[in-house]
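Novice: The structure that follows is given in the form of structure tokens.
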Amino acid sequence: MNNSDYESHVTGRSLYVDDITAPNGLLYASVFSSPSAHARISGIDISLAENLPGVKKIILADDIPGENQAGNVLPDEPLLAKDYVHYIGEPVALIVADDPVIARSAAKMITLELEELPAVFNPREAAFLGSLIIPPRLFSVGDCESVWSKCTFVVDGTAESGGQEHLYLETQSAVAWPSESRGIKLYSATQAPTAVQRITARILGISMNLVEVDVLRLGGGFGGKEEQATPYAAMTALAAYLLNKPVKMVLKRNEDMRMTGKRHPYSSDFKLGLDSQGKILAYEVTFYQNAGATADLSTAILDRSLFHCTNSYYIPNVKAIGYCCKTNLPTNTAFRGFGGPQAMFVIESAIHKAAKVMGVEPSFIQEKNLLRENDEFPYGQKAENCNAERCWKKAEYLFNFQEIKKNVEEYNQKNKFSKKGYALMPVCFGISFTTTFMNQAGALVHIYSDGSISISTAAVEMGQGVNAKIKQIAADIFSVNPNRIKIDTTNTSRVANTSPTAASSGTDLNGKATEIACVNLKYRLIKFFAAQNKITDLSSIEFSKESINIYGAPSGITWEKLISTAFLNRIDLSAHAFYSTPGIHFDNKINKGKPFAYHVYGTAVIEATLDCIRGTYKTNLVKVVHDFGKSLNRVIDRGQTEGAIVQGIGWMTMEELVYNEKGKLLTDLLSTYKIPDLYSVPEEMEIHFLEDTENPMGVFNSKAIGEPPLMYGIGAYFAIMNAVESAHPAKPLCYKAPLTYERVLLSLYDL
Ligand code: MTE
Ligand code: LUZ
Ligand code: MOS
């Protein structure tokens, strides 16, 4: 297996930003941030901090040479707060010192004079006050209003899901070097090198070609470094620029948890109408998204909630409204699933409630309403190569739903203080940035005269295996040993104007660009070889196992020989290529179009066991049939699926962010914020790759894998709830995630 950096990871040789050897004169930056959730700044006292030995400079908003604006999507985010602060943890000043301990000590000596203003933390309250980042968004199809009266069953209710801390192992980090031409070279742990370049140039008031951003790899991103690595990189660059010295900034864990945003909490209202047979006729949903203090990616995330509001089901009449609510919490941001999970939790809650009213299992309604070929999504795209039913049927056959149900029932008969529950979770997720222009990527491939190959793309390796996949693509096209290939760092000077590595499309976009570059180079080499050997039929020439064949027979020319001869004959051995997803478009005035290149499908079954005395539970098993297309790399794809499922279960069950009444995060360390560990991951996980599936829109017929499986984790919520229902059938239900042990315990007793 050539998953390039497994070995260097386990032997500790993989480098991260914080490992970069300290250059001479390296300074360290630390952030002084707002202690108040909403206030006017009437004064700032930096005199004590300034005079602390070792402190080189305290940087304030007025020191910014360019524009004090870090907002990438909307210009509503000062890099350093000047007159107002909008959340606890908002950067106000930057302390640069000889050493990080001194920088942090100095930060503690800064005091603000504040006039406190009313703060709002609840998105519904924000919406009521008209505190919205953009006007409400509406996706609709059919006519719900005229259909309710035709429904046999109509249920309504609310569903709430909490935020989620990314908890990438590597916190936000950057190192900046001033360069000769009054420019900056930045090493940043970012998913979006071009965004870092653009914003840094704006902050410094210089042009983009003077900022070079280089990314080797990330210790995890999960969406948390799609936008939010940018301000920390820009601050580091600002310090380096003003002091003309290299500067490093690495957040401590509790700083990162307090200052950076998370998955958006949502509070939603739903109404679902069904006919007597369980066919869903109409669905109305209103999402109140807690965006936090600034826009960041909230509007795109809200859009994805609207796109995925019907999950894997066909519903003819839909009205979905989204409020992007501005509150005084740290700005929330992209997190694996990007608004999709929040929306799917609501439709699954609605189905669960309807099942209760109808006296059927939720799976009865789920199965009956699964998407079929050519069904139209509320946003106008048709389900093509739709595998929703195939995945469900295959899972039913392989995992024997009836048997699981029977075992659960038998177990529950036999046990009084322990109950089991189970749930099914179908998922449908669209692949492409829903902001159409972002679906572009580039690749730069060099073949060196010794036959070794270097590839640069826009893709950032963050543990998801994109480098290994891109290496495989090139190795396959040239038919060479993957060890010949090095995937180089992601660098804005080598590949320009890039989109972040996000939306699960890293391999799709950058893999395609790599494919085009390699195919072009190969064609060039074939033409050269044909000319040299006086071959007229180009199709007779084939690259096979490090050699060149003619009509299937070895020519005696190896890859290395071909390359060295091509070099001596002045053949260009470099190629740049560009890829943009064809055929996608979206009109965001009417909210119709074809935003996605394709959809990913799958079905999971999840079983949980509840301790009815303590309220604790365990997810015993997760079994999935997933449509990977033709998997490029089964080891990576299985790892992505398992990791995403566990992350999804964590979000739905144990990860709880607690703020005090002033908006201060109390759960800012791993002692208080619980994520799944070795003891809480499902005891049994089975991932089945759906057979015989094609995806012409993917590289070599593969499908994106990064985000979709996270949403299988939603099934854990309903599996636990199913067990709670067995323990306490009379208790009214509410849909509020995370379903922590505490919440389960309270729901088991009539307190
Ligand atoms: N896997 C690991 N190990 N680390 C990560 O940070 N990020 C996820 C997913 N898998 C992530 C990960 C997210 S949010 C996305 S969008 C995709 O990887 C991005 O990479 P891809 O587009 O190459 O799949
Ligand atoms: N980022 C983005 C994303 O800018 N647009 C998207 O549609 C998206 N989807 C998933 C994850 N990140
Ligand atoms: Mo992933 S949320 O698109 O970085």
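None of the figures in this text is laboratory data; all of them are computed from the coordinates on show. If you're wondering where the values come from, they're calculated on a predicted model, not measured in any experiment. Don't worry about glycine lacking a Cβ; one is built from the backbone with ideal geometry, like all the others, and counts go over all protein chains shown.
Novice: In segment 462-546, which GluC sites (Glu not before Pro) are in a loop and have at most 16 other Cβ atoms within 10 Å, using DSSP for the loop call?
Specialist: Of the GluC sites (Glu not before Pro), the ones in loops of segment 462-546 whose Cβ has at most 16 other Cβ atoms within 10 Å are Glu546.
Novice: I would also like to ask the following. Could you compute Rg(Cα) / (2.2 N^0.38 Å) for segment 691-747, with N its residue count?
Specialist: Segment 691-747 yields a ratio of 1.77.
Novice: Now for a separate question. I need the fraction of alpha carbon pairs in segment 521-586 separated by more than 18 Å, rounded to a whole percent.
Specialist: 42 percent
Novice: Restrict the search to segment 657-751; then list the GluC sites (Glu not before Pro) that DSSP places in a loop and that have at most 16 other Cβ atoms within 10 Å of their Cβ.
Specialist: Those that pass, being in a loop and sparsely packed, are Glu661, Glu683, Glu691, Glu694.
Novice: Can you list the trypsin sites (Lys or Arg not before Pro) in segment 233-304 that are in a DSSP coil and have 16 or fewer other beta carbons within 10 angstrom?
Specialist: Lys252, Lys279
Novice: Follow-up question, since we're still on this one. For segment 1-136, what is the convex hull (Cα atoms) projected area averaged across all directions, in square nanometres?
Specialist: Across all orientations, segment 1-136 yields a mean hull projection of 13.6 nm².
Novice: If we restrict to alpha carbons, what Rg and Dmax does segment 181-221 come to, in Å?
Specialist: According to the Cα coordinates of segment 181-221, Rg and Dmax are 10.4, 33 Å.
Novice: Something else about it: For a bin width of 10 Å, list the pair-distance distribution of segment 384-457 built from all Cα-Cα distances, rounded to whole %.
Specialist: Distribution as computed: 13, 21, 17, 17, 16, 11, 5, 0 percent.
Novice: If you look at just the Cα atoms of segment 488-631, how large are its Rg and its Dmax in Å?
Specialist: So, for segment 488-631, Rg and Dmax equal 24.6, 83 Å respectively.
Novice: Of the cross-linked pairs Lys469/Lys522; Lys416/Lys731; Lys225/Lys662; Lys405/Lys618; Lys356/Lys674; Lys225/Lys703, which ones have a Cα-Cα span greater than 21 Å in the structure shown?
Specialist: Lys225/Lys662; Lys356/Lys674; Lys225/Lys703
Novice: Could you work out the mean projected area of the convex hull around the alpha carbons of segment 424-468, in square nanometres to one decimal?
Specialist: Orientation-averaged projected area of the Cα hull: 5.5 nm².
Novice: Distance between the C-alpha centers of segment 264-318 and segment 708-741? Whole Å please.
Specialist: Here the two parts' Cα centres lie 19 Å apart.
Novice: Principal axis extents for segment 184-281, Cα atoms only, whole Å, descending order, please.
Specialist: Principal-axis extents of segment 184-281 (Cα, largest first): 72, 31, 24 Å.
Novice: Would you mind estimating how fast segment 131-239 diffuses translationally, via Stokes-Einstein at 37 °C and 0.692 mPa s with the Kirkwood radius over Cα pairs, in µm²/s?
Specialist: Using the Kirkwood radius from Cα pairs, D works out to 189 µm²/s.
Novice: Extent of segment 552-680 along each principal axis, from alpha carbon coordinates, in Å, largest to smallest?
Specialist: Between the extreme Cα coordinates on each principal axis of segment 552-680 lie 77, 46, 33 Å.
Novice: Hey, another quick one. State log₁₀ I(q)/I(0) for segment 605-751 at q = 0.17, 0.21 Å⁻¹ as given by the Debye formula over alpha-carbon point scatterers of equal weight, solvent excluded.
Specialist: -0.96, -1.22
Novice: To continue, here is another question. What are the semi-axes of the equivalent ellipsoid of segment 262-304, taken as the square roots of 5 times the eigenvalues of the Cα gyration tensor, listed largest first and rounded to whole Å?
Specialist: Each semi-axis is the square root of five times an eigenvalue, giving 30, 9, 7 Å.
Novice: Please give the charge dipole size of the chain, origin at the Cα centre, charges +1 on K and R Cβ atoms and -1 on D and E Cβ atoms. Round to the nearest 20 debye.
Specialist: It comes to approximately 720 debye.
Novice: Across bins of 10 angstrom width beginning at 0, how are the C-alpha pair distances of the chain distributed, in whole percent?
Specialist: Once binned at 10 Å, the Cα pair distances of the chain give 3, 14, 23, 24, 19, 11, 5, 1, 0.
Novice: If one computes the Cα centroid of segment 68-119 and of segment 582-626, what distance in Å separates the two points?
Specialist: 38 Å
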